[in-house]
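The values are calculated or read from the model by the stated rules, or taken from the named source; none is laboratory data. Nothing here was measured: the structure is a model prediction, and the numbers come from that model. Please note: Cβ atoms are built from the backbone with ideal geometry, for glycine as well, and neighbour counts cover all protein chains shown. These area figures cover heavy atoms from the full protein model, side chains too; ligands, DNA and RNA do not enter into them. Shrake-Rupley method; radii C 1.70, N 1.55, O 1.52, S 1.80 Å.
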Amino acid sequence: MAEGLKQGDLGGQGELGGQGRLVGRGEEWPSGLRDGAADGPLERARDGLRAYRMITAMWIRSTLAYRASFVMTALGNLTATALDFAAILLMFSQVDELGGYRLPEVAFLYGAASCAFGLADLSIGSMDRLGRRVRDGTLDTLLVRPAPVLAQVAADQFALRRMGRVVQGLLILGYACVALDIAWTPLKVLLVPLMLVSGAGIFMAVFVAGAAFQFVAQDASEVQNAFTYGGNTLLQYPPSVFGKDLVRGATFLVPIAFVNWLPGLYVLGRPYPLGLPSWAAFTPPLVAAACCALAGLAWRAGLRSYRSTGS
């Protein structure tokens, strides 16, 4: 079955010529995928990661086959995402502070949020296409393949050009770290990469949970985008700009505040508007793990409820 998997099956864009096979040269499906379901959760996770790696490698080879086109689209993506920060620069051309925060402080929050979201969008940004697959029935083709459905949907049409958002976020974060007069301690230094990795995990959980919701709603990509792209836009500004009810919702309901607000304000030496203890800044890894676990349960429930198109 693995021999028949073509790029056109995954993305609907046609075959990829001689390199259209999902499994690369010298590789074959893990035994758990060929023979049936894996024995346990660790085996399933291992097989899912390997299937994800194979599919993304196929899409990367396809992208790099036209390198000039890839460079232009990547630069275009970088320019488009830079316009968000250009809007912030325009604001600061008229004011000295935004919600009590100076430009380098806002740039620190912006860079952290943009980088974390960019990593999640690069990894599993294709999840928002699930609703279309549910509506037109193409999800059925993924169910009969010897690979986890989540890995297939996440890796489908993997777009390397999305690295532009990650690069832009890192550049702005680097500028902020240089421009800010921060009393760096080992804890603060450690917290910056921890914030980026945990934030990416939280956004990934939101992507998966939104996709699980589309099993029910079927046409809810914009609802999902409100929490993913909308959440990223929200976190690019300091929490003091927003009302406390919105900050509470972003902290306790959909905990995207743990992406950059709580750890970022600890690094900046700023108090959190809700008066949470300082140790809460170090909880993003726990929050990310909990969010991923809940998103996984939601995905399994949504997949089990799927009854094919027209049901």
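Summary table
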| read-out | value |
| --- | --- |
| Cleavage-rule hits (chymotrypsin sites (Phe, Trp or Tyr not before Pro)) in the stretch 152-229: DSSP loop, at most 13 neighbouring Cβ within 10 angstrom | Trp184 |
| Gaussian network model of the chain, springs between alpha carbon atoms under 10 Å - residue of Pro277, Pro186, Pro239 with greatest fluctuation | Pro186 |
| Crossing angle, helix 163-179 versus the chain [Cα axis fit, 0-90 degrees, rounded to tens] | 20 |
| Apportionment of accessible area to carbon and sulfur, the chain, percent (1.4 Å) | 63 |
| Stretch gain in nm, segment Leu246-Val197, where the contour uses 0.36 nm per residue and the Cα spacing is subtracted | 15.2 nm |
| Positive-end residue, the chain charge dipole about Cα centroid, Cβ charges, pick of Pro271, Trp299, Val149 | Val149 |
| Residue of Gly230, Gly296, Gly275 that the Gaussian network model of the chain assigns the largest fluctuation, springs spanning Cα pairs under 10 Å | Gly275 |
| Using alpha-carbon coordinates, inclination of helix 257-268 to the longest axis of the chain, degrees | 40 |
| Relative packing of peptides 142-148, 69-75 - highest average C-beta neighbours within 10 Å first | 142-148, 69-75 |
| Relative contact order (%) - criterion: Cα under 8 Å, at least six apart; region: the chain | 22 |
| For volume of the Cα convex hull per residue in Å³, calculated from these coordinates, the label among (1) 164; (2) 150; (3) 182 | (2) |
| GNM result for the chain, Cα springs below 10 Å: residue of Ile88, Ile182, Ile124 fluctuating most strongly | Ile182 |
| Helix-only mean residue ellipticity at 222 nm for the chain, each DSSP H run of n ≥ 4 adding -39500 (n - 2.57), per residue, nearest 500 | -21500 deg cm²/dmol |
| Solvent-accessible heavy-atom area per residue, rounded to whole Å², over the chain at 1.4 Å | 48 |
| Projected label distance in nm at Trp184 and Ala45, using a 7 Å step from Cα toward the beta-carbon | 3.2 |
| Karplus-derived HN-Hα couplings along the stretch 100-106 (A = 6.51, B = -1.76, C = 1.60, θ = phi - 60°), whole Hz, x at Gly and Pro | x, 10, 7, 4, x, 5, 5 |
| Cα-based helix-to-principal-axis angle, 284-305 vs the chain, degrees rounded to 10 | 30 |
| Extended-chain gain in nm, criterion 0.36 nm per residue less alpha-carbon gap, Arg304 and Val216 | 30.6 nm |
| Dimensions (Å) - the stretch 160-311, Cα atoms, principal axes, largest first | 60, 36, 27 |
